[in-house]
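Down below is the structure, laid out as structure tokens.
The values are calculated or read from the model by the stated rules, or taken from the named source; none is laboratory data. Quantities reported herein were computed from a predicted structural model and do not represent experimental measurements. Positions of Cβ are backbone-derived with ideal geometry, glycine not excepted, and every protein chain shown enters the neighbour counts.
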Amino acid sequence: MSTNESVIVFMRFVKEKHRELCESLDRLVNSLVGENASQKAKISEETLKTAQDLQSTISKSDRPDWLSGLIQGLNHFHNKSWNQQHLIKHLIDNLSKIKEHRWQFENSNEKPFDFDSIYEYYKSESRLPELFDEIISILEEIQSSGEIDSLTMMKSLGKVISTLKQNRDGSYFSLNSAWDFLVSFLKNYMWNELSRLPVLGASMEALEKTIKETNEEMFKVHSAIEKEMKTVVESEIKGLKGKSDFSFVSYDRTGLTLNDNKEFKEIDHKV
């Protein structure tokens, strides 16, 4: 909460107006279940004025939706376009929301943690864009070689290439999902199929080398992001010092490479 004295005074004023409105609404509810029509009209007008007073104290951007809805409903009731049942239904639907509202704009100057910018910085400082482009280039070379006679493989290659192009510059989730998709495609389908074509040997060797380099770079980038996020958070939230934990669900620090038999095996990259 802000320590600025003017802000504190303003917040007290707003909360007092909110309290007055809640008390007026309680009186209105009690009157609506009674038989005194003039009392209902009087208290509904008082409640309308209290709601309008609250609305006038805060900027348009800070006004909760329920406040304008309440004022509109009370106006409808006052102008006879709503009957008693309409107003009662509106109050039933919104009363708890009104009473439980917590005013948050006193913290509007507090800057949030920008995790996306941390990710973007470390990705731009890495070789990932270059390596993804290299993988795309190699796959396109294989696709256009004329050596693949399987329509299924050609279609699958096209899907992988378009997915990498679409997501190489995307969000943290997009990049990791594209990488996982590529590795799964290579491990479970492409490598065994294309390793049987000797003419593609040079391209397959280049792809294997680039995949390994990309895996190493992915691990370095994720480690740097995790370290920076912990540092940023723990420097501002003292209670989390040494306790913050950012788990990367899309990257498990396990890379994939190819052995002499052209099959994938796992290699441990733990530090």
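Looking at region 180-191, which of its residues are buried (at least 17 other Cβ atoms within 10 Å of the Cβ) and either of a type in the set (Lys, Arg) or free of Cβ contacts under 8 Å to residues at least 40 places away in the same chain (or both)?
185, 190
Return the pairs, sorted by first residue and then second, in which the second residue is of a type in the set (S, T, N, Q) and in a helix (DSSP H, G or I), the first residue lies in region 82-106 and is surrounded by 10 or more Cβ atoms within 10 Å (Cβ to Cβ), the beta carbons are less than 8 Å apart, and the residues are 6+ apart or on different chains.
Pairs that qualify, where the first residue is surrounded by 10 or more Cβ atoms within 10 Å (Cβ to Cβ) and the partner is of a type in the set (S, T, N, Q) and in a helix (DSSP H, G or I), are 87/44.
For the condition touching a residue at least 24 places away in the same chain (Cβ under 8 Å) and buried (at least 17 other Cβ atoms within 10 Å of the Cβ), what is the one hit in 195, 203? Walk me through how you get there before you give the answer.
Values: 195 fails: buried (at least 17 other Cβ atoms within 10 Å of the Cβ).
After applying the criteria, what remains is 203.
Condition first: among the basic types (Lys, Arg) and farther than 23 Å from residue 144 by Cα. Now tell me which residues in region 197-221 satisfy that. So that I can check it myself, show each step before the final result.
Going through region 197-221, the residues among the basic types (Lys, Arg) turn out to be 209, 212, 220.
The answer is 212, 220.
Can you tell me which of 101, 76 is at pLDDT 90 or above and not in a helix (DSSP H, G or I)?
Numbers: 76 fails: not in a helix (DSSP H, G or I).
After applying the criteria, what remains is 101.
Among the residues that make up region 130-139, is at least one of them modelled with pLDDT under 90, of a type in the set (Phe, Trp, Tyr) and under 20 Å from residue 221 (Cα atoms)?
Taking region 130-139 first, the residues modelled with pLDDT under 90 are none.
Scanning region 130-139 turns up no residue that is modelled with pLDDT under 90, of a type in the set (Phe, Trp, Tyr) and under 20 Å from residue 221 (Cα atoms).
Of all residues in region 19-63, which are over 21 Å from residue 89 (Cβ atoms) and among the hydroxyl-bearing types (Ser, Thr, Tyr)?
38, 56, 57, 59, 61
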